[in-house]
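Here the structure comes first, spelled out in structure tokens, and everything after it is commentary.
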Amino acid sequence: MPSPIRILLADDHPLFREGVAHSLGTEPDFEVIAQAGSGEEAVELANRLHPDMVLLDVTMTGMGGIAAAGMIATSLLGVRIMMLTVSENRENLMAALKAGAHGYVLKGVSASELRAITRRVANGEAYVTPALAADMLTEFSRPLPLASHSELTERETKILKLLSQGLTNREIGEAMCLAEKTVKHYMTSILQKLHVRSRTEAALIAMRHGVSGCGQ
């Protein structure tokens, strides 16, 4: 049996935090290894414990979740970061994506939905609340020239197109006859060339600039 996904959970409301920890802890493939009540504590625990995934409340007293996400993403390459929020704020979403977050989830979802979304994000998918996703797709629908796109190789452009269609690294590898580790290497290069820090932001840029269409 594979090792459980090791999760660090940060929220400054103990009752909510403990409820989420209990809900996730009922799943055999999840292990909540630590809880934090602030962004500062989350960063310290993440650097010390090296979790597979971090769930961060967007608004916490002191250092907020977005700032904490940026610090954690910088120091722990490969960690999956998911934001928990009470409101669908597009500015916060974009800031979270730029900081390195892979998921943006409303606290009002059911326990079963949260577990399912957490599992998807942990396994390499990106998640944005449906309303924000629709809003952003509308904004990013008009193609524009993309200067950074010219720096991508033909294979990187193909991978970016598949990424924007929602495929995971494994699925991209199967589609292109590449090892998953090779796809991860290309993904790192793509993020660097596009000057972004998350797969979600790269996918949004691809859609914004017409890289995602079947005719590309």
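With respect to the conditions (1) assigned to a helix (DSSP H, G or I); (2) without any contact (Cβ under 8 Å) to a residue 12 or more places away in the chain; (3) not small (Gly, Ala, Ser), LEU77 lacks only one, and its number is (1).
Checking each residue in the range 72-85 for being at pLDDT 90 or above and either surrounded by fewer than 18 Cβ atoms within 10 Å (Cβ to Cβ) or within 17 Å of ILE7 (Cα to Cα) (or both) picks out ILE72, ALA73, THR74, SER75, LEU76, VAL79, ARG80, ILE81, MET82, MET83, LEU84. Of the residues making up the range 49-72, not a single one is part of a helix (DSSP H, G or I), closer than 15 Å to THR118 by Cα and of a type outside the set (A, V, I, L, M, F, W, C).
Report whether or not THR118 is within 15 Å of the chain's Cα centre (by Cα), open to solvent by less than 10 Å² (accessible area, probe 1.4 Å), farther than 19 Å from VAL196 by Cβ and at pLDDT below 85. No. Scanning the range 5-32 for residues that are without any contact (Cβ under 8 Å) to a residue 60 or more places away in the chain, more than 14 Å from MET71 (Cβ to Cβ), buried (at least 17 other Cβ atoms within 10 Å of the Cβ) and not charged (D, E, K, R) gives LEU9, ALA21, VAL32. With respect to the conditions (1) surrounded by fewer than 19 Cβ atoms within 10 Å (Cβ to Cβ); (2) within 20 Å of SER3 (Cα to Cα), GLU44 falls short on a single one, namely (2).
Okay, residues lined up against (1) aliphatic (A, V, I, L, M); (2) surrounded by fewer than 16 Cβ atoms within 10 Å (Cβ to Cβ); (3) touching a strand residue (DSSP E or B) at 6+ places or on another chain (Cβ under 6 Å):
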site: ALA36; (1), (2), (3): yes, no, yes
site: GLY39; (1), (2), (3): no, no, no
site: ASP57; (1), (2), (3): no, no, yes
site: THR61; (1), (2), (3): no, yes, no
site: TYR104; (1), (2), (3): no, no, yes
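Summed over the range 1-43, residues that are assigned to a helix (DSSP H, G or I) and not hydrophobic (A, V, I, L, M, F, W, C) total 10.
Filtered by the rule that a residue be in contact with a strand residue (DSSP E or B) (Cβ under 6 Å, 6 or more places away or on another chain) and either farther than 17 Å from PHE16 by Cβ or without any contact (Cβ under 8 Å) to a residue 60 or more places away in the chain (or both), the range 107-119 gives a lone residue, ILE117.
The values are calculated or read from the model by the stated rules, or taken from the named source; none is laboratory data. Note that this is a predicted model, so its numbers are computed, not measured. So basically every Cβ, Gly included, is an ideal-geometry build from the backbone, and we count neighbours across all protein chains shown. Keep in mind that these areas ignore ligands, DNA and RNA; they rest on the heavy atoms of the full protein, side chains included. Shrake-Rupley method; radii C 1.70, N 1.55, O 1.52, S 1.80 Å.
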